[in-house]
Each structure stands twice: as structure tokens, then as C-alpha cells.
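Here's the structure, in C-alpha cells; my notes come after.
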Amino acid sequence: MSQQVTILGSTGSIGVSSLDVISRHPEDFKIFALTANVAYQTLADQCAKYNPSYAVVMKQNIAQKLTSVLRSKGCNTQVLCGAEDLNLVAQESTVDIVIAGIVGSIGLRSTMAAVESGKKVLLANKESLVMAGRLFKQAVLRSGCTLLPIDSEHNAIFQCLSDNRQSVNETITKLTLPASGGPFRGWQAKQMRDVTPDEACAHPNWKMGRKISVDSATLMNKGLEVIEASFLFEMPADSIEVLIHPQSIVHAFVHYTDGSTLAHLGVPDMRVPIAHALAWPKRIKSGVKTLDLSVVSDLEFSLPDHKNFPCLQTAYDALTSGGDATTILNAANETAVDAFLNSRIKFTQISEIVRDTLTNSIFSPIDTIEEVEESDARARILSSKLIKAAVK
Ligand code: MG
């Protein structure tokens with residue numbers, strides 16, 4: 001029997017890689033629903049190819065455009081619209097697997113909906129854990145959902161846990177997350193002052209969307225991943241280490257109490273973690289070639305440069321502060337990155353806006369998703385004010 005799959009965010013890089021893997025196994029997986037924000041032409045092409053029951057977009061005018069393109073292609077996929085319908089295709093009883101590939105805080109509700117309905121959830125939306133880590137993990141335990149990380153580092157950690165458990169135990173002393181260092185590795189802050197959004201998005205190893213590419217360039221992506229790993233594997237901040245590894249061949253190290261260190265290696269391609277999680281506990285072909293270490297030859301590791309890339313330490317500090325500090329961190333970062341991508345602030349101001357938003361916030365405990373969203377909204381208002389003041 002084939003499994004029914006919903007992809008939240010099918011036109012982004014996670015969605016496209018997921019469809020590539022799924023298309024190699026037509027007997028095992030069928031697409032139930034595909035969703036996108038505004039990229040209706042790409043979504044229409046995907047619908048024509050994979051023939052899902054539903055396609056969901058977020059705006060009414062986009063839904064109308066999508067419907068007319070689908071009809072012209074003779075595709076019977078039904079078009080739905082809005083946040084409630086997005087939750088619906090994540091929860092629908094016939095769905096077995098939900099791939100949470102939406103980038104940013106807008107992916108929180110639909111990812112939670114999939115978790116709460118006990119699906120097998122392939123998690124790429126790291127913001128769900130950064131914004132609402134404890135609540136998210138509680139929902140996973142309550143619903144019995146199978147949560148499989150497909151962020152490459154977290155999937156690699158999961159693969160290095162000897163018993164494939166979703167949390168670590170006292171036999172594990174440390175987790176190491178490698179970071180490529182992004183396009184500005186080795187640069188001084190003053191050299192980065194005037195870089196353009198296109199330069200910041202030119203990642204040396206991974207092809208990704210613009211928001212996450214900027215996060216990689218500031219090292220905030222690694223900061224968010226430290227927080228993600230902390231909640232996912234229940235490890236304290238001081239047991240999670242980041243190393244700069246420019247080749248992006250090793251995706252994680254797990255260190256055990258007996259002195260053993262397990263590593264996960266592979267060509268940097270998101271289809272590897274996606275295929276692993278789709279088939280888990282089995283293995284299937286991903287379309288990615290086997291790593292040839294004789295070609296790689298050098299694997300380098302070094303400590304991150306906190307002075308010139310301050311976002312990483314800010315993320316560690318937010319994690320240690322607890323409460324809604326990581327929610328505020330994420331909201332401030334999304335606001336600042338958006339302002340940078342729209343050429344309103346300089347690259348080096350991203351870290352300043354995030355730090356100042358946290359410094360000017362009072363942290364409070366989080367007990368409900370509504371409180372998460374309130375904290376997120378407050379932090380966006382504050383960081384927008386700080387951006388306005390900075391560009392005056
Ligand atoms: Mg990653």
C-alpha cells in the first residue's frame with residue numbers, strides 16, 4: 001500500500017527535493033496535497049505532474065489564478081485557500097506523512113496541526129522548535145506522532161543515535177553541528193558592511209531559499225539549529241558545539257561517554273535526509289550519488305569566529321535565557337533579514353537588530369501557542385521600531 005503525503009511548502013527547496021525523491025518511488029508514495037504561498041505557476045506544474053487531491057495557497061486572488069491554470073492543463077486537483085485549509089490537509093485522516101517544508105514562523109500552525117493529529121512528520125521547519133520548542137515536544141509525546149528531522153544536521157544526529165531514539169540519554173556527552181561558514185567565511189565585519197542581498201544568498205555548498213541563505217551567511221542559521229537540536233534531542237546549550245566545516249561533507253558528530261564519536265557523512269544534498277526520513281526505518285534510493293572520499297580529500301574543522309559573526313552567540317544566549325527568548329530571537333531575525341533583503345538595512349545590522357530586540361524585551365514563560373504568537377507579534381513590532389530608528 002502506498003502512503004499518502006502532504007507537502008507543506010512544495011515549491012520551496014525542501015518541497016522540490018521531496019518531490020524528486022518521491023517521484024523515484026511511485027509505488028510507495030502518493031501525493032495527497034501540495035501547498036504554496038504565492039508561486040502558483042510552479043504549484044500548477046507540480047499538480048499536473050503529481051495529480052494531488054488538493055492544492056492550497058494562502059491568498060484568494062492566487063487561488064483563482066491557480067484554478068484557471070489547472071483547468072487549462074486539464075488537472076482535477078481541487079484548490080483550497082487560507083490558513084485553515086492548510087491545517088486541514090495537514091490533519092486529514094487519509095494522510096500518513098506530512099513534510100513540514102514551510103520556511104519561517106508562518107509554518108508553525110500547520111506543522112503543529114500535523115503533529116497533533118499523530119502523523120509521521122518530516123520536520124524541516126526549524127522555526128516551530130525555535131518558537132515553541134517545549135510545547136512542540138509536549139504535543140509530539142501527547143499525540144504519539146513520529147517526528148523525524150530532515151534539517152540535514154539533525155537528521156544526521158538522529159542517524160548517529162545508536163538506537164534511533166528521538167532523544168539522547170546520559171551516554172551521550174556532546175553533539176557537534178558543523179557549519180559551512182557561508183559565503184563570508186574568514187571575513188571581518190567591516191568587509192561585510194556593504195554586501196548585497198545577492199552576495200549574501202550565494203551559498204557555496206547548498207542551494208536554498210533567500211531567507212535561510214542569509215541566515216547561513218550571518219551564522220544565525222546555525223544558532224537556530226543549536227536551539228532546534230536542544231529541544232529535539234533534549235540536550236543543554238553547553239553540550240552542543242558548532243564547528244566551521246567548509247566542505248559540508250560531515251553533517252553531525254555524536255560523542256559518547258566511552259570516547260566514541262559517530263559521524264554522518266554525505267554529499268550536501270537535501271534528498272539524503274528526506275529519503276532517510278521518508279523510508280525510516282528502511283532505506284530507499286534518493287538519487288544522490290555515493291560520497292567519493294578520494295575526491296573530497298580534505299575535511300577541515302575550526303572554531304567559529306564569534307567576534308565577526310555575533311548571531312551565533314546571541315542564539316546561544318537566548319536558548320540559555322529560556323521562556324520566550326528564542327521566540328523573540330526568531331521574530332527579530334525574520335524581521336531584520338526581511339529588511340536586509342529589501343535593502344532597508346545593512347548586512348551587519350541584522351545581528352544588531354536581533355541583539356537589541358532581545359536586550360529590550362522582558363522574557364516570560366510560554367504555555368500556549370497563542371502566547372507564542374503574542375510574543376512573536378510583540379517582538380516584530382519592537383524590531384521594526386529598532387529598524388526605523390537605525391535607518392533614520
Ligand atoms: Mg541545516
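What 222 nm value per residue comes from the helices of the chain, counting each DSSP H run with n ≥ 4 as -39,500 (n - 2.57) and dividing by all residues, nearest 500 deg cm²/dmol?
On the way: 17 runs with 186 residues, N = 392.
Calculated mean residue ellipticity at 222 nm is -14500 deg cm²/dmol.
Which residue, chosen from Leu135, Val98, Thr327, occupies the Cα position most advanced towards the positive end of the dipole of the chain, where the dipole is computed from +1 (Lys, Arg) and -1 (Asp, Glu) charges on Cβ about the Cα centre? Going by the charge dipole, the pick is Val98. Find out how many positive minus negative residues lie around Ala33, taking Lys and Arg as positive, Asp and Glu as negative, among other residues whose Cβ is under 14 Å from that of Ala33. Within the 14 Å Cβ shell, the charges total -2.
Work out which GluC sites (Glu not before Pro) in the chain are exposed loop sites (DSSP not H, G, I, E or B, at most 16 other Cβ within 10 Å) and give the longest gap free of them. Don't skip to the answer; put the middle values down first.
Values: sites that count: Glu27, Glu170, Glu234, Glu300.
For GluC sites (Glu not before Pro) (loop position, at most 16 other Cβ atoms within 10 Å), the longest site-free span of the chain is 28-169.
Applying 1/(1 + (r/R0)^6) with r as the Cβ-Cβ distance of Lys73 and Thr257 and R0 = 56 angstrom yields a FRET efficiency of 0.45.
For the chain, modelled as a GNM whose springs connect Cα atoms under 10 angstrom apart, the maximal fluctuation among Met131, Met220, Met192 occurs at Met192. Among Leu232, Leu135, Leu265, the largest mean-square fluctuation in a Gaussian network model of the chain, built with springs joining Cα atoms closer than 10 Å, belongs to Leu265. The C-alpha atoms of the chain occupy a region whose extents along the principal axes are 56, 54, 42 Å, arranged from largest to smallest.
Charge dipole of region 273-392 (Cα centre as origin; +1 on each Lys and Arg Cβ, -1 on each Asp and Glu Cβ, all else neutral): 460 debye, rounded to the nearest 20. Each residue of region 55-70 was assigned a 3J(HN,Hα) from its phi angle through the Karplus curve 6.51 cos²θ - 1.76 cosθ + 1.60 (θ = phi - 60°); the sequence is 10, 10, 10, 9, 10, 4, 5, 5, 4, 5, 4, 4, 4, 5, 5, 5 Hz, with glycine and proline shown as x.
Distant-in-sequence amide contacts of Thr146, defined by a placed amide H-H separation under 5 Å and a gap of 5 or more residues or a different chain, comprise Lys120, Val121.
Springs join every pair of Cα atoms under 10 Å in this Gaussian network model of the chain, and among Lys207, Lys282, Lys59 the largest mean-square fluctuation is at Lys282.
In region 3-149, the C-alpha radius of gyration followed by the widest Cα-Cα span (Dmax) gives 14.3, 46 angstrom.
Lys and Arg at +1, Asp and Glu at -1: add these up for the other residues within a Cβ distance under 10 Å of Val391 and post the number. Result for the neighbourhood of Val391: +4.
About its Cα centre, how strong a charge dipole does the chain have in debye, to the nearest 20, once Lys and Arg get +1 and Asp and Glu get -1 at the Cβ?
On the way: 37 positive and 41 negative charges, 222 e Å.
Result for the chain is approximately 1060 debye, rounded to the nearest 20.
Nearest 0.05, what FRET efficiency do Thr173 and Ser302 give at R0 = 30 Å with Cβ-Cβ as r? About 0.90, to the nearest 0.05.
Taking K and R as +1 and D and E as -1, what net charge do the other residues with C-beta under 10 Å from the C-beta of Asn333 add up to? Write down the numbers at each step before the final one.
Details: positive: Lys211; negative: Glu127, Asp215, Glu334, Asp338.
Residues near Asn333 contribute -3 overall.
Assuming charge only on the beta carbon of Lys and Arg (+1) and of Asp and Glu (-1), the dipole of region 3-149 about its Cα centre is about 180 debye to the nearest 20.
Residue-wise HN-Hα couplings along region 361-376, as the Karplus relation 6.51 cos²θ - 1.76 cosθ + 1.60 with θ = phi - 60° gives them from phi, are 10, 9, 7, 9, x, 10, 10, 9, 5, 4, 5, 4, 5, 5, 4, 4 Hz; Gly and Pro carry x. Pairs of lysine residues in region 3-149 that meet both criteria, 8 or more places apart or on different chains and Cα atoms under 27 Å apart, total 19.
Since every read-out is calculated from the coordinates, none of them should be taken as a lab result. Just so you know, these numbers come straight off a predicted model, no measurement behind them. Cβ sites come from the backbone with ideal geometry, for glycine too, and all protein chains shown count toward neighbours.
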